[in-house]
Each structure stands twice: as structure tokens, then as C-alpha cells.
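Note sheet for the following structure.
Just so it is clear, none of the values below were taken in a lab; they were calculated from the coordinates. Since we're looking at a predicted model, the values are computed, not measured. No Cβ is skipped: glycine too gets one built from the backbone with ideal geometry, and neighbour counts run over all protein chains shown.
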Amino acid sequence: MNLVPTQDGTYTARSDMFDECYHSTRDGALKESLKKHVEPAFSLIDPSKERVNILDICFGLGYNTLTTLHYLEKEKLQKKVHIVSPEFDESLVRSLPDFPYPDLFEKYRPVIAHIAAHGYYEDEHIRIDVPLGDARDFLRSSDMRFDIVYQDAFSPKKNPLLWTKEYFTELTSRLSDEAIITTYSSATPVRMGMVENGLFVYNPPSEGVRSGTIASPSQSLPLEPIDMALKKMRNPAAAPLHDKDFR
Ligand SMILES: C[S@@+](CC[C@H](N)C(=O)[O-])C[C@H]1O[C@@H](n2cnc3c(N)ncnc32)[C@H](O)[C@@H]1O
């Protein structure tokens, strides 16, 4: 694995297949996970929810999933959490016990070891499933409803099929009514793919990390809404990505 150090002192890796790092080296792997995905998502869901289903697209090095475990423990949240994180790179998942994770994740070594060996982990509060295969096949075959989605695929340029309007159609069909989608992408075609599936898009609370987007079926999140109709008026050529252009 090509290890790459990041700004916050944690390591990410570079994918040969996608010619891209798994995380922003500027934001830092751990910081991106916490500030871009986990904290915003948990600050926006209904705090009284006792069961939370999370879709982590995709597992990669597992930072978003492990940061979620860390956050639940730090905030002493007594929720039952089920994380599903599809990943088609089986050899990557199998290799993760050797990854130089931050010290904060040391206590989750048994979790990573179990996922690497068996594809899942379970204890009293947490269930984690890492189905090996295509994320879109998973979406089509699943009957779960997700309260949180970490939309953390490689960039739309490198991995467009996880950012198209048709992808967001499949994703939207698996969301609960108040679901929160977090992503680092602020690209107009991505936001249009979300909006054309009936989602509302918002500027995230960005604490020292790159901007991104929060999307939700809910029109009343306590965030600054993004007026995509206005963007479309100013740039009539703007359009979502479509599967047919990448298959
Ligand atoms: C940017 S990385 C995810 C980083 C991860 N969230 C983390 O926190 O470490 C994107 C991952 O998506 C996987 N991937 C790309 N296309 C996929 C697909 N169609 N189905 C399943 N996994 C896919 C890649 O193998 C890679 O591990």
C-alpha cells in the first residue's frame, strides 16, 4: 500500500486504480472524517433516535466507520448503531490490520481484525457489515433505510458512477425521511444529481476543512440552503452526471 502522511499527522493511502488519495491530505484523514462526516451527521439527526442506520460509501481504509465508533464513545451516546459499508476491493479490506491507524483507533484493532477476516463486526451496541462487491448492487438489493450516509467515494472525476443522478436515485430510495447525507464534494453536477432526486442541499458547518455539501429529504435543516434553481438560471448548461456517459 502507498502510504501518504496528511496534515493532521494521520496516514492515508494512494489508490493506484483510481490515481487518488483516500483522503484529503490538506484536511487530514482523521480530521476530514470527523469534521466532514461524523460530527455534522450526528449533530443533525434527531438526538432522541435510539437506533441509527449508517451507510458508509465506501469502506476504504475504514476511517469513517472507526471515527463513528470513537465519536459514540467520546459523546457517551447509548444508541444501537448499524453501519453498512460496501467495498469492492477485497484485498484492501484484508490488509487493514497492518494499516498505521492513529492512536485514537488503537482500541478498535479487534474490530478491524474481525472485519478483515469475516466482513463484519458485532457487539452489544454496534453492528458493522462490509459487503464485498459493488456499492450500487448493494443499494439495489438492500431493503434497509439509512439515517446517515457518508458519501465518501473517490472524486466524481475518478469514480463518476458513484455520483450520477441514477446513483442518487438508488441512494434516495434507501433513505429515512430525515436522513442526512454528508459529502466533501461541492460540485454543481453532484448537487444537481441530488436535487433532481428531490433532496435539499445545504452548506455544511465547515470547521477548518474544505467545503462540501449536506443533503437531505428534509427541507428544514438548521443550515444555509443552497439555491440550485438560481444556479441553474445563471448557468443553464449545468447538469447532473449520467450513467450512460460512463458505461
Ligand atoms: C475515498 S475511498 C473511501 C474512504 C473511506 N470512506 C475511509 O474513510 O477510509 C473510496 C473507496 O470506494 C471503493 N469503491 C470505488 N467504487 C466502488 C464501487 N462501485 N463499489 C464498492 N466500492 C467502491 C474504493 O475501492 C475505495 O476503497
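Some points to look at:
- Between the Cα long axis of helix 63-74 and the first principal axis of the chain there is an angle of about 70°, rounded to the nearest 10.
- Ordering of 221-230, 80-89 by burial proxy (mean other Cβ atoms within 10 Å per residue, highest first): 80-89, 221-230
- Checking the cross-link pairs 49/165; 35/231; 157/244; 157/232; 36/244; 36/232 against a 23 Å limit on the alpha carbon distance flags 49/165; 35/231; 36/244; 36/232 as lying beyond it.
- Remark on region 31-245: ratio of C-alpha radius of gyration to 2.2 N^0.38 Å is 0.99.
- For region 136-216, radius of gyration divided by Kirkwood radius, i.e. Rg to Rh on alpha-carbons: 0.94
- Computed over the chain with a Gaussian network model linking Cα atoms closer than 10 Å, the most mobile of 29, 113, 237 is 237.
- The antiparallel fraction among DSSP beta bridges confined to the chain stands at about 45%.
- Mean Cβ neighbour count within 10 Å, used as a protection proxy, ranking 70-78, 181-189 highest first: 181-189, 70-78
- The charge dipole of the chain, taken about the Cα centre with unit charges on the Cβ atoms of Lys, Arg (+1) and Asp, Glu (-1), comes to about 580 debye, rounded to the nearest 20.
- A simple packing score, the average count of other Cβ atoms within 10 Å per residue, orders the peptides 157-166, 99-108 as 157-166, 99-108, with the highest score first.
- The stretch between residue 49 and residue 132 holds 27.0 nm of extra length on full extension. This uses 0.36 nm per residue minus the Cα-Cα distance.
- Using the Cβ of residue 181 as centre and a radius below 14 Å, the other residues enclosed give a net charge of -2, where K and R count +1 and D and E count -1.
- Each part reduced to its alpha carbon centroid, region 1-23 and region 131-145 end up 26 Å apart.
- Span from the region 38-94 Cα centroid across to the region 182-212 one, whole angstrom: 19 Å
- Nearby lysines by direct alpha-carbon distance to residue 31 (threshold 17 angstrom, same-chain neighbours under 8 apart not counted): 74
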